[in-house]
1. Report the dimensions of the protein assembly as shown along its three principal axes from the alpha-carbon atoms, largest first, rounded to Å.
2. For segment A:8-51, what are Rg and Dmax over the alpha carbons, in angstrom?
3. Can you give me the C-alpha center-to-center distance between segment B:11-63 and segment B:274-337, rounded to a whole angstrom?
4. Just list whichever of A:LYS4/A:LYS62; A:LYS133/A:LYS171; B:LYS179/B:LYS209 have alpha carbons separated by over 21 Å in the model shown.
5. Between B:TYR30 and A:GLU35, what's the calculated FRET efficiency when r is the beta-carbon distance and R0 is 45 Å? Round to 0.05.
6. What does the structure give for A:51-58 when I average, per residue, the other chain Cβ atoms found within 10 Å of the residue Cβ?
7. Using a/c under 1.5 as the rounded threshold, could you call segment A:68-171 rounded, prolate or oblate? The axes a ≥ b ≥ c are square roots of the C-alpha gyration tensor eigenvalues, and prolate needs a/b larger than b/c, oblate otherwise.
8. Would you list, by chain and number, the lysines whose Cα falls below 21 Å from the Cα of B:LYS37, excluding same-chain residues fewer than 8 positions away?
Number of protein chains: 2
Amino acid sequence: MKKKQIKLKDIADALHLSVPTVSRALRDSYEISQETKKAVVELARAMNYKPNLLAVGLRKNKTFKVGVIIPSLWYYYNSAAVTGMEEVLEEHGYSVMICQSKESYNREVIQVRNLIDSRVDGILVSISQSTIKYDHFIDAQEEGIPVIFFDRAPSYEGASKVVIDNKLAAKSAIHHLFKKGRKRIVFIAGPEKLRISKTRYEGYLEAYKEHGLEPDENLIINCNFTKNMGYRATKSFLRKNIDIDGLFAINDRTCIGAVAAVQEAGLKIPQDVAVVGFNDEPTVQYLTPPLTTIRQPAYEIGMEAAKLFLKERNADTGQFTPTKLILETELIVRESS
Amino acid sequence: MKKKQIKLKDIADALHLSVPTVSRALRDSYEISQETKKAVVELARAMNYKPNLLAVGLRKNKTFKVGVIIPSLWYYYNSAAVTGMEEVLEEHGYSVMICQSKESYNREVIQVRNLIDSRVDGILVSISQSTIKYDHFIDAQEEGIPVIFFDRAPSYEGASKVVIDNKLAAKSAIHHLFKKGRKRIVFIAGPEKLRISKTRYEGYLEAYKEHGLEPDENLIINCNFTKNMGYRATKSFLRKNIDIDGLFAINDRTCIGAVAAVQEAGLKIPQDVAVVGFNDEPTVQYLTPPLTTIRQPAYEIGMEAAKLFLKERNADTGQFTPTKLILETELIVRESS
DNA sequence: TTGAAAGCGCTAACAT
DNA sequence: ATGTTAGCGCTTTCAA
């Protein structure tokens with residue numbers, strides 16, 4: 001049943017031409033006569049010729065594949081970013097290979113190596129929670145593969161990044177809660193090592209300072225990035241009976257868990273505790289009460305990261321200046337605050 | 001900056017061997033002496049040799065890439081299925097190229113063609129809402145590329161499938177509502193053309209029949225697969241003031257919209273209207289009230305689809321019998337019913 | 001305007 | 001146990 005793949009030679013033979021001529025004709029080279037071009041193109045269509053991308057890739061040392069590494073497809077903003085990238089890249093003939101690090105540094109390293117081995121033309125990464133070394137990315141760059149960080153970017157300055165201003169976003173959330181008359185705001189800070197956790201925490205602190213209030217360290221909860229962890233951490237926090245009137249969580253999932261814990265403790269949202277999340281995941285507007293949260297432009301982040309790749313793919317490695325793009329977030333106020 | 005890629009020849013030259021010998025040594029061929037093997041392997045490690053997969057692929061006519069086409073990464077069960085596939089496939093050295101059809105037949109066709117052009121070793125598909133012709137899949141099969149359908153499979157019998165028993169699942173939901181004393185159950189049926197919509201509708205009808213009740217056609221709502229559509233469709237349905245006491249939605253997203261509409265109309269869930277969704281998306285247990293829903297084993301579906309691919313990748317095309325795997329669903333009872 | 005020759009990096013068939 | 005030759009399908013010299 002297996003159909004034979006048409007190759008250049010088949011067309012060449014049929015038209016009594018040579019293979020290179022056919023190749024050039026199909027690429028519309030100036031050195032080929034109009035008639036030849038026409039004949040070749042028509043026959044190629046008729047025979048349903050498809051270039052063997054492996055052969056082209058081998059020859060040109062390009063694969064037209066871009067590797068994307070994200071912590072997890074479950075994260076709404078990761079999927080959104082990937083979709084934004086595809087939007088941009090597919091127009092330029094690239095396809096995307098998605099790898100999930102599952103928040104594991106080891107997996108991330110392996111995936112980068114695999115992508116290098118697969119000779120992808122570029123790597124776009126949102127780093128895992130546990131990533132603290134960046135050698136694997138440097139390796140990729142040394143192989144001539146441009147690396148672009150998006151969303152979760154490391155401190156490493158040798159590559160371009162597309163991020164949001166996490167500090168500012170956190171500040172805006174806290175100031176919003178201040179405006180609602182809240183002063184004792186719990187911060188569910190996420191994993192300690194993660195850079196965006198720290199940065200958002202800085203925003204939290206700065207907001208307090210700007211408001212002339214003293215932050216209380218007891219109000220900080222570190223926990224992992226899941227609903228369950230948010231639930232459990234909040235639950236055990238509430239047992240301490242510390243006085244609170246507001247809550248800001250590093251992301252919506254954790255926030256959903258926290259909200260459940262708060263409600264179980266008999267506290268009313270927003271009357272007793274005003275709540276703000278982060279990310280504006282699709283379902284949070286249907287929670288009871290609908291969640292106030294910070295929308296980050298994940299789709300746009302993806303698009304911009306892809307555009308940076310397109311810009312850098314041909315740049316002479318060695319001496320290009322990495323770009324740092326900062327996109328704006330938006331506070332979406334709903335009934336939880 | 002760009003490091004030179006080490007190739008077989010570099011190793012061969014360094015050891016005064018021929019390229020094929022090195023190649024065989026690295027693949028642990030029986031015909032190579034132990035010492036040579038050892039020397040080659042060690043040097044390869046030391047030089048950080050990585051085979052050029054393009055060249056290997058060109059030679060062996062394999063790419064170790066598998067194409068996956070899904071309607072959308074937003075759908076929880078799609079992401080889950082993809083993750084399941086990766087789990088299985090990465091062990092066998094395959095990487096996955098994910099394409100989102102975005103429910104568009106045209107995009108799906110283009111993506112299949114691209115995957116064929118990229119010479120993927122297999123294609124795993126959950127078809128789009130608007131797919132009614134299957135020529136593109138047949139094309140792929142004719143090129144010798146195994147095609148496996150998962151989740152949303154077409155009626156086309158020429159390829160293996162991994163699905164759930166949609167009729168049975170729907171029946172179990174309706175019977176559950178019957179047990180709760182409900183008789184006038186709205187069915188939010190999703191897009192009319194979609195096969196799983198029809199099948200779940202059949203389950204709805206059969207349940208009624210088995211229960212000795214006459215189904216009422218006025219209780220069927222057709223609408224698209226989004227929260228908003230669920231909301232709007234339910235809203236306008238409720239305006240007709242038709243008597244209802246139960247609601248079953250084709251998926252959780254639509255269901256969330258429907259629930260919002262029902263609650264806005266002043267009806268209590270589950271007292272006035274008992275509600276069952278479909279998919280058990282991660283957030284639905286945190287809705288108010290937590291949603292009763294049907295869990296489909298998306299992750300397992302993905303794994304099984306991948307395993308079928310592994311089984312079929314070497315089978316002689318032409319005369320293999322397609323497998324049809326049916327996985328079990330589970331009704332998760334929560335407070336909405 | 002076209003063709004011949006060479007080579008991308010690898011592996012398989014056929015020597016030896 | 002190792003080397004020689006050839007070829008996967010394409011593009012890029014270079015030559016005519």
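1. Principal extents (Cα only, largest first): 78, 68, 56 Å.
2. Just the Cα atoms of segment A:8-51 yield Rg and Dmax of 9.0, 24 Å.
3. 43
4. Long pairs (Cα-Cα over 21 Å): A:LYS4/A:LYS62; A:LYS133/A:LYS171.
5. Here the calculated transfer efficiency is 0.20.
6. Mean partner-chain Cβ count within 10 Å for A:51-58: 6.
7. It is rounded, given that a/c, with a ≥ b ≥ c, falls under 1.5.
8. B:LYS7, B:LYS9, B:LYS50
Since every read-out is calculated from the coordinates, none of them should be taken as a lab result. Given the structure is predicted, the values throughout are model-derived calculations rather than measurements. For neighbour counting, all protein chains shown are included, and Cβ atoms are generated from backbone atoms with ideal geometry for every residue, glycine included.
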